[in-house]
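Have a look at this one.
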Amino acid sequence: MDHKYIAKMLSKMDEDLSKQGMSRRDAMKMAGITSVGMFMGGVTSASADDENKTVKSNAKGKIVIVGGGLAGMSTAARLTLNLSNPDITVIEPEELSVSYQPGQTLVGGGIWDESDIAYKRDDFTPDGVKVIKEKAILFNPQENKLTTDKGTVVSYDYLILATGLHLDFERIRGLEEAGRAMSAGDNERLLKGLGDDGICSIYTAKGATKTWEQMQKYIAQAKSGKKTQFLFTHPNTPVKCGGAPKKIMYLTNARLKEAGARENADLTFYPNGGAMFGVPEYHDAILGQFKREDFKWHYRHNLIEVDKEKKIAVFDAKWQEKGPWDPVLKDFEVIPKHEKVRVPYDFLHITPPQLAPREIAESDLGSSKGWVPVNKETLQHIRYENVFSLGDVAQVPMGKTGGSARKQYKVVVNNLIALMNGKALEAKYAGYTVCPLITDIGTVMLAEFDWTVKPTPSFPLDPTVERWMWWLMKIYLLKPMTVYGMLSGRA
Amino acid sequence: MQIKFELVTYNEELDSFELDETIYQVEIDEDEEETYNLLKDSDLHLYNWLKESDFFTKYIKEEVYPDSENKKIAISDINGISFRRFYFFKVTSGDSHYEYFKKLYNIHEESDWQDREDVGEEILQHLSTKRQELILNLG
């Protein structure tokens, strides 16, 4: 990318906006946006100024953050900005923990390389923050202590859990050897377990590169004239970035069209859910896009098994039937039914089931479902008041995106400092999240919403329309805002 | 104005409810009618108002169950508004009951088609507490 290319892009962005009857400057102004950093959260200029005021607190206490990914390291950075004498330790074993995960879709679609999203923990560790390059495996919240895999015992006054989540490939029969994985790391076992015969997943950085390799292989097959089946799954657990399973499907479609091979390919989406998106307005828009692009879809299908040898994906398909009349409740009962459905594939993109890490799930800090149970607004643990959690591992509805983490880490910092000062916890997370849904190479639908399950657009533009300017934002603005803005505790 | 209502009796040992098949009715005065009209669209507020009204408990103790000591009851229907789902909810209950409780208890799953057993279990956990609030101990 050179400056001429950027200028050309910006000019096209202006062109796009001018069709809406406004200039770029006016659009930013109307949305109350002061810089690119505001794209991801829809923060008004007034509140942005407030957020950036740093009146340092003299509060004291030893703060331990388990997990040095985007959520954990941004929290550490912001705490150093807000405390006069910070005593912060981050426990994080993975060298590339702060890599830019939202870019994995683009790596999978061949737009970026893996090196474009790889960022090292040590380059983003705030000054004065200690890092223990080990993995926390035992938690003793009653005594405010934890133990690492190398036997180091760490005590704390305040604990922040930002461990991220586990990608549970081993739950899928036939892929047991792939084990569990996290987004960063070499993931050698996972890649070996998935093999080289059409199975892939963008949910790890290495896997994203592999996805692009496999995608090209099967696009070439389609181009050769052979009818080729491309399958995309969405599991029955919460997932990070709920839009990603569809984004990679759209990018595969774009690459097939680019290669002139689309007519020999069937693209089919198998979501566990009964809708394309939890927000009805975005569901309708995506359904329209699916019809336009001639995609197929089958709701309520959960991938449970892969026969790698025969190239068959096995789904647990669910439906409901009307049961007998219940005279007491004065309604018909509903009987859930299910059956196994076997589907041949050439290319199978798997969005794996996702779980809280075992060491959290099996500790007193985890809920019955494994995630860390927190007050969804204050992000304070429901049982241990000196524990907070954010990011993928926190049990917060719709909270597993970088956009959510960007809102959450400021709430955690404000509330932790309030707690340290013996004050009430007043900062509240309102459930905001954002999904820049890539619908083609060059277009993105910016799906923003919160717990009201209604679109909450930051811009005075129809949020269900796919736009070139959001593509520019996704490709050029969000990464620097995240890597340099958020990880420094400011954006 | 008259309020028609139905009751369930609570068996503490079995932690279960049983329908009292009788439809009862009680006369209310103008003040109470005004209150009723204000609350009739908000089911749990209506329930709590009736449960805590002296005229209602007096009627129950004197007319409905005059000889029952330590009896525990709950209201199952008030003028056609049903509260039965609070006592007889089960995994196979109709979708409308699921939707009602998901909204009431702010249950949100990221997967849009819910696993009925998981959601049902969560609803039942909430209900175990809620039922105790709804029960009227006749003393």
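The values are calculated or read from the model by the stated rules, or taken from the named source; none is laboratory data. None of the values given here were measured: they were computed from a predicted structure. Quick reminder, even Gly has a Cβ in these numbers, built from the backbone with ideal geometry, and neighbours come from all protein chains shown.
Which one of B:Arg116, B:Arg84 is within 14 Å of another protein chain (Cβ to nearest Cβ) and in contact with a Ser or Thr (Cβ under 7 Å, 6 or more places away or on another chain)? Break it down stepwise before answering.
Working: B:Arg116 fails: in contact with a Ser or Thr (Cβ under 7 Å, 6 or more places away or on another chain).
Step by step, each of B:Arg116, B:Arg84 is checked, and only B:Arg84 is within 14 Å of another protein chain (Cβ to nearest Cβ) and in contact with a Ser or Thr (Cβ under 7 Å, 6 or more places away or on another chain).
Could you list, in sequence order, all residues of segment A:379-428 that are more than 24 Å from A:Glu143 (Cβ to Cβ) and within 14 Å of another protein chain (Cβ to nearest Cβ)?
A:Asp392, A:Val396, A:Pro397, A:Met398, A:Gly399, A:Lys400, A:Thr401, A:Ser404
Would you call B:Ile78 within 12 Å of another protein chain (Cβ to nearest Cβ), aliphatic (A, V, I, L, M), touching a helix residue (DSSP H, G or I) at 6+ places or on another chain (Cβ under 8 Å) and surrounded by 13 or more Cβ atoms within 10 Å (Cβ to Cβ)?
Numbers: within 12 Å of another protein chain (Cβ to nearest Cβ): no; aliphatic (A, V, I, L, M): yes; touching a helix residue (DSSP H, G or I) at 6+ places or on another chain (Cβ under 8 Å): yes; surrounded by 13 or more Cβ atoms within 10 Å (Cβ to Cβ): yes.
When the stated conditions are applied, B:Ile78 does not pass them.
Since A:Ala356 meets every condition but one in (1) closer than 28 Å to A:His301 by Cα; (2) buried (at least 22 other Cβ atoms within 10 Å of the Cβ); (3) over 15 Å from the mean Cα position of the chain (by Cα), which condition does it not meet?
For A:Ala356, the failing item is (3).
Residue-by-condition table, conditions (1) of a type in the set (Gly, Ala, Ser); (2) touching a helix residue (DSSP H, G or I) at 6+ places or on another chain (Cβ under 9 Å); (3) closer than 23 Å to A:Glu177 by Cα:
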residue: A:Glu188; (1), (2), (3): no, yes, yes
residue: A:Gly193; (1), (2), (3): yes, yes, yes
residue: A:Ile199; (1), (2), (3): no, yes, yes
residue: A:Ile202; (1), (2), (3): no, yes, yes
residue: A:Lys226; (1), (2), (3): no, yes, no
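How many of the residues making up segment A:257-272 are surrounded by fewer than 22 Cβ atoms within 10 Å (Cβ to Cβ) and either in a strand (DSSP E or B) or at pLDDT below 95 (or both)? Reasoning before the result, please.
Applying the first criterion (surrounded by fewer than 22 Cβ atoms within 10 Å (Cβ to Cβ)) to segment A:257-272 yields A:257-264, A:266, A:268.
Now narrow it down to the ones that are either in a strand (DSSP E or B) or at pLDDT below 95 (or both): A:266, A:268.
Number of matching residues: 2.
Scan A:Lys474, A:Lys428 and give me the residue that is outside any loop (DSSP other than H, G, I, E, B) and either charged (D, E, K, R) or free of Cβ contacts under 8 Å to residues at least 24 places away in the same chain (or both). Explain how you work it out, then say what you get.
On the way: A:Lys428 fails: outside any loop (DSSP other than H, G, I, E, B).
Checking each option against the conditions leaves just A:Lys474.
Do you know which residues across segment A:331-369 are modelled with pLDDT under 95 and small (Gly, Ala, Ser)?
The answer is A:Ser367, A:Ser368.
Looking at (1) in a loop (DSSP other than H, G, I, E, B); (2) away from every other protein chain (no Cβ under 14 Å), which is the one condition that is false for A:Gly242?
With respect to (1) in a loop (DSSP other than H, G, I, E, B); (2) away from every other protein chain (no Cβ under 14 Å), A:Gly242 is out only on (2).
Now, a different point. State the number of residues belonging to segment A:385-402 that are more than 21 Å from A:Gly422 (Cβ to Cβ), part of a loop (DSSP other than H, G, I, E, B) and of a type in the set (S, T, N, Q). Break it down stepwise before answering.
Keep residues of segment A:385-402 that are more than 21 Å from A:Gly422 (Cβ to Cβ), which gives A:389-402.
The next check asks that each one be part of a loop (DSSP other than H, G, I, E, B); those that pass are A:390, A:395-401.
Okay, now just the ones that are also of a type in the set (S, T, N, Q), so A:395, A:401.
Number satisfying all stated conditions: 2.
Next up: Can you pull out the residues in segment B:10-31 that are touching a Phe, Trp or Tyr at 6+ places or on another chain (Cβ under 7 Å) and either over 16 Å from A:Val328 (Cβ atoms) or of a type in the set (Val, Ile, Thr) (or both)? Quick ask: steps written out before the conclusion?
Narrowing segment B:10-31 to residues touching a Phe, Trp or Tyr at 6+ places or on another chain (Cβ under 7 Å): B:10, B:17, B:24, B:26, B:28.
Listed by number, the residues that qualify are B:Tyr24, B:Val26, B:Ile28.
How many residues does segment A:397-420 contain that are more than 13 Å from the chain's Cα centre (by Cα), crowded, with 24+ Cβ neighbours inside 10 Å and hydrophobic (A, V, I, L, M, F, W, C)?
Residues flagged as more than 13 Å from the chain's Cα centre (by Cα), crowded, with 24+ Cβ neighbours inside 10 Å and hydrophobic (A, V, I, L, M, F, W, C) within segment A:397-420 amount to 3.
Across segment A:338-378, what is the number of residues that are farther than 26 Å from A:Val411 by Cα and polar (S, T, N, Q)?
Going through segment A:338-378 one residue at a time, the tally reaches 1.
Moving to a separate point now. Among the residues that make up segment A:340-350, is at least one of them assigned to a loop (DSSP other than H, G, I, E, B) and either among the small types (Gly, Ala, Ser) or free of Cβ contacts under 8 Å to residues at least 60 places away in the same chain (or both)? I'd like the intermediate steps shown before the answer.
Taking segment A:340-350 and keeping what is assigned to a loop (DSSP other than H, G, I, E, B), we get A:345-346, A:350.
After this cut, where a residue has to be either among the small types (Gly, Ala, Ser) or free of Cβ contacts under 8 Å to residues at least 60 places away in the same chain (or both) as well, the list is none.
There is no residue in segment A:340-350 that is assigned to a loop (DSSP other than H, G, I, E, B) and either among the small types (Gly, Ala, Ser) or free of Cβ contacts under 8 Å to residues at least 60 places away in the same chain (or both).
Name the single residue that is surrounded by the fewest Cβ atoms within 10 Å (Cβ to Cβ) among those in segment A:138-174 being in a strand (DSSP E or B) and charged (D, E, K, R). Outline the logic, then answer.
Just the residues of segment A:138-174 that are in a strand (DSSP E or B), to begin with: A:138-140, A:145-148, A:153-155, A:158-161, A:166-168, A:173.
Narrowing the set further to residues that are charged (D, E, K, R) leaves A:145, A:168, A:173.
Values: A:Lys145: 15, A:Asp168: 18, A:Arg173: 12.
Filtering segment A:138-174 for residues that are in a strand (DSSP E or B) and charged (D, E, K, R), the one surrounded by the fewest Cβ atoms within 10 Å (Cβ to Cβ) comes out as A:Arg173.
Which of the residues that make up segment B:1-17 are exposed (fewer than 15 other Cβ atoms within 10 Å of the Cβ) and in a strand (DSSP E or B)? Give the steps one after another, and end with the answer.
As a first pass, look at segment B:1-17 and keep what is exposed (fewer than 15 other Cβ atoms within 10 Å of the Cβ): B:1-2, B:4, B:11-16.
Result: B:Gln2, B:Lys4, B:Asn11, B:Ser16.
Right, another one. Collect the residues in segment A:121-168 that are in contact with a Lys or Arg (Cβ under 7 Å, 6 or more places away or on another chain) and under 25 Å from A:Arg189 (Cβ atoms), keeping them in residue-number order.
If the condition is that a residue be in contact with a Lys or Arg (Cβ under 7 Å, 6 or more places away or on another chain) and under 25 Å from A:Arg189 (Cβ atoms), then A:Glu134, A:Thr148, A:Asp149, A:Leu165, A:His166, A:Leu167, A:Asp168 are the ones that fit.
To continue, here is another question. Working only within segment A:98-117, note down all residues that are among the hydroxyl-bearing types (Ser, Thr, Tyr) and out of contact with any helix residue (DSSP H, G or I) (no Cβ under 7 Å at 6 or more places or on another chain). Give the steps one after another, and end with the answer.
Filtering segment A:98-117 for residues among the hydroxyl-bearing types (Ser, Thr, Tyr) gives A:99-100, A:105, A:115.
Across segment A:98-117, the qualifying residue is only A:Ser115.
Which is basic (Lys, Arg), away from chain B (no Cβ under 12 Å) and over 23 Å from the mean Cα position of the chain (by Cα), of A:Lys227, A:Lys247?
On the way: A:Lys247 fails: over 23 Å from the mean Cα position of the chain (by Cα).
None of the others qualify; the one that does is A:Lys227.
Is it fair to say A:Asp157 is among the acidic types (Asp, Glu) and assigned by TED's automatic domain parsing to the domain that holds A:Phe388? First the steps, then the outcome.
Numbers: among the acidic types (Asp, Glu): yes; assigned by TED's automatic domain parsing to the domain that holds A:Phe388: yes.
Yes.
What's the total number of residues in segment A:300-350 that are surrounded by 15 or more Cβ atoms within 10 Å (Cβ to Cβ), basic (Lys, Arg) and closer than 30 Å to B:Val91 by Cα?
2
Please enumerate the residues belonging to segment A:271-287 that are more than 11 Å from chain B (Cβ to nearest Cβ), touching a residue at least 12 places away in the same chain (Cβ under 8 Å) and over 19 Å from the mean Cα position of the chain (by Cα).
We begin by selecting, within segment A:271-287, every residue more than 11 Å from chain B (Cβ to nearest Cβ); these are A:281-282, A:284-287.
Filter once more, so that each one left must be touching a residue at least 12 places away in the same chain (Cβ under 8 Å): A:281-282, A:284-286.
Those that are more than 11 Å from chain B (Cβ to nearest Cβ), touching a residue at least 12 places away in the same chain (Cβ under 8 Å) and over 19 Å from the mean Cα position of the chain (by Cα): A:Glu281, A:Asp284, A:Ala285.
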